[in-house]
Amino acid sequence: MPYYKPLDEIKIAERLHIIENLQKLRQQIKNELPERTNRSSLLLATWNLREFSNSENRLKESFWYIAEIISSFDLIAVQEIGNNMSALTDLMRILGYKYEYIVTDTPNAEGGNERIAFIYNTGKVKFKNIAGEVYLDSKEREKFNLPYGFARPPFMVAFQASWFKFNLCSVHVYYGSEAKNATGEKDNVRRKNEIAALAEKLDFRAKKEDVTYILLGDFNIEKIGDEFYSALVGTKENPTGFYLRPFNESLYTNAKNDRAFDQIAFNMQNLRLEDLDIHEESKNIKMGVLNYYNSVFNNEEYYKPVAEEKYKEKGKEFPPNWKLESWRTFQMSDHLPLWIELKIDFTDQYLETLKKRPDKDQDIKTEIPKE
């Protein structure tokens, strides 16, 4: 891939260190992820990249590891892109000409001035020329007690991969806390209400527009079955229309491996799960979380002096309680990529339907003109 050439610009000692880690990461990806070049499927992912803004805040090597991970997917939703987009610009330079991105503007300080982006392989995925942020109208804001709407407006884009056309909506839901806010409610009530409002709105749109919707990103769900999870999928008696693959412990998406923050949900209105091969009974489903710390940023002896030098350059005192596990999340992230493989080639099904379809002119009676 084109991103290997810039490695020539790095001094040999650091270059060898990066190459060694890249080789480990590439092997891990090869072992854990499906082959991305498979034309019959789409590798879709979501990843919250912690404070991905100014390039100066990360080591140079971080960008090669992040690029290696992103290039393993066909389409990935990325949250926490900052107001300063130099990090995203540098990442795209490494990824090369086959990759494009679509990114939001910065909405407001309340949402941390964060952007949401989609990065996609143009050889596999086509942007269908529709993109926009999702907002709530006055009735929706009142119903869900969200007077100011979403802290970070969700970002929805229309894509197509082979036969599969879909609207993809990425979110970074407001987190909040147990502390009470100005209205006397727990601050994390807003988190639940944002999820519920978005699920209802997109389900309504899916019914009206007859379009497949996929909702993914950082929902800040603590654990499967909690109130935030229920806000997304609803209950058996009152479902929201969105479906999640059955959960297992390997799908925790935070670096500490104990939270189900990130999810990929499919709307049930217009999506035939058997076509995408993601229904609950399917044995072919491939879905997982890539814990890249198994390959990179796991050598405290190497990185502690590197971190000390960085603190010194910024004129800051090196913390006596410095821990690699915390520091490295600002180099990579405190979230891990969640991915799923989707079936996108429906040629066989289409050919079968053609066998049963009558000729277009079969029922048309043609009169022969009299001489």
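Please determine, by comparing only the residues of the stretch 210-254 that are hydrophobic (A, V, I, L, M, F, W, C) and either on the phi > 0 side of the Ramachandran plot or in a helix (DSSP H, G or I) (or both), which one is modelled with the lowest pLDDT. For the stretch 210-254, the residue satisfying everything is L251.
Residue pairs whose Cβ atoms lie under 8 Å apart, separated by 6 or more positions or on different chains, with the first residue in the stretch 220-236 and farther than 13 Å from A196 by Cβ and the second at pLDDT 90 or above and outside any loop (DSSP other than H, G, I, E, B), are N220/R191; N220/F228; E222/F228; K223/Y229. Looking across R26, R15, one residue alone is out of contact with any Phe, Trp or Tyr (no Cβ under 9 Å at 6 or more places or on another chain) and either farther than 29 Å from A260 by Cβ or among the β-branched types (V, I, T) (or both). It is R15. Looking only at residues of the stretch 336-345 that are assigned to a loop (DSSP other than H, G, I, E, B) and at pLDDT 95 or above, we find that the one that is surrounded by the most Cβ atoms within 10 Å (Cβ to Cβ) is P337.
Kindly indicate the residue of the stretch 295-335 that is touching a residue at least 40 places away in the same chain (Cβ under 8 Å), assigned to a helix (DSSP H, G or I) and hydroxyl-bearing (S, T, Y) and also farthest from N257 (Cα to Cα) among those meeting that condition. Among those that are touching a residue at least 40 places away in the same chain (Cβ under 8 Å), assigned to a helix (DSSP H, G or I) and hydroxyl-bearing (S, T, Y), it is Y302. Checking each residue in the stretch 109-142 for being on the phi > 0 side of the Ramachandran plot and touching a residue at least 40 places away in the same chain (Cβ under 8 Å) picks out only G112.
Yes/no matrix, rows are residues, columns are (1) under 25 Å from K124 (Cβ atoms); (2) among the acidic types (D, E):
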site	(1), (2)
E9	no, yes
I19	no, no
K30	yes, no
L42	yes, no
F52	yes, no
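Residues in the stretch 26-56 that are in a helix (DSSP H, G or I) and within 19 Å of M92 (Cβ to Cβ): S55, E56. Quick check on the stretch 24-39. Is at least one of its residues surrounded by 11 or more Cβ atoms within 10 Å (Cβ to Cβ) and closer than 30 Å to N83 by Cβ? Taking every residue of the stretch 24-39 in turn, at least one turns out to be surrounded by 11 or more Cβ atoms within 10 Å (Cβ to Cβ) and closer than 30 Å to N83 by Cβ. Sub-7 Å Cβ pairs linking a first residue in the stretch 143-163 that is touching a residue at least 60 places away in the same chain (Cβ under 8 Å) to a second residue that is of a type in the set (K, R) and in a loop (DSSP other than H, G, I, E, B), at least 6 apart or interchain, are A161/K124, ordered by first then second residue. Scanning the stretch 64-98 for residues that are under 18 Å from the mean Cα position of the chain (by Cα), at pLDDT 95 or above and not aliphatic (A, V, I, L, M) returns Y65, E68, S71, S72, F73, D74, Q79, E80. Of the residues examined, Q79 is one that is of a type outside the set (G, A, S) and surrounded by 15 or more Cβ atoms within 10 Å (Cβ to Cβ).
Within the stretch 119-148, the set of residues being surrounded by 13 or more Cβ atoms within 10 Å (Cβ to Cβ), part of a strand (DSSP E or B) and not basic (K, R) comprises I119, Y120, N121, F127, A131, E133. Within the stretch 200-214, the residues that satisfy the criterion of being in contact (Cβ under 8 Å) with a residue 60 or more places away in the chain and touching a strand residue (DSSP E or B) at 6+ places or on another chain (Cβ under 7 Å) are L202, D203, A206, I214. From the set of residues in the stretch 99-113 that are assigned to a loop (DSSP other than H, G, I, E, B) and under 20 Å from H335 (Cα atoms), which is modelled with the lowest pLDDT? Looking at residues that are assigned to a loop (DSSP other than H, G, I, E, B) and under 20 Å from H335 (Cα atoms), I get G112. On the stretch given as the stretch 51-84, residues that are of a type outside the set (V, I, T) and closer than 14 Å to T106 by Cα total 8. Considering (1) hydrophobic (A, V, I, L, M, F, W, C); (2) at pLDDT 95 or above; (3) within 30 Å of E308 (Cβ to Cβ), the lone condition that L43 does not fulfil carries the number (3).
The values are calculated or read from the model by the stated rules, or taken from the named source; none is laboratory data. The structure displayed is predicted, hence computed values, not measured ones. Reconstructed Cβ throughout: ideal geometry from the backbone, glycine too, with neighbour counts over all protein chains shown.
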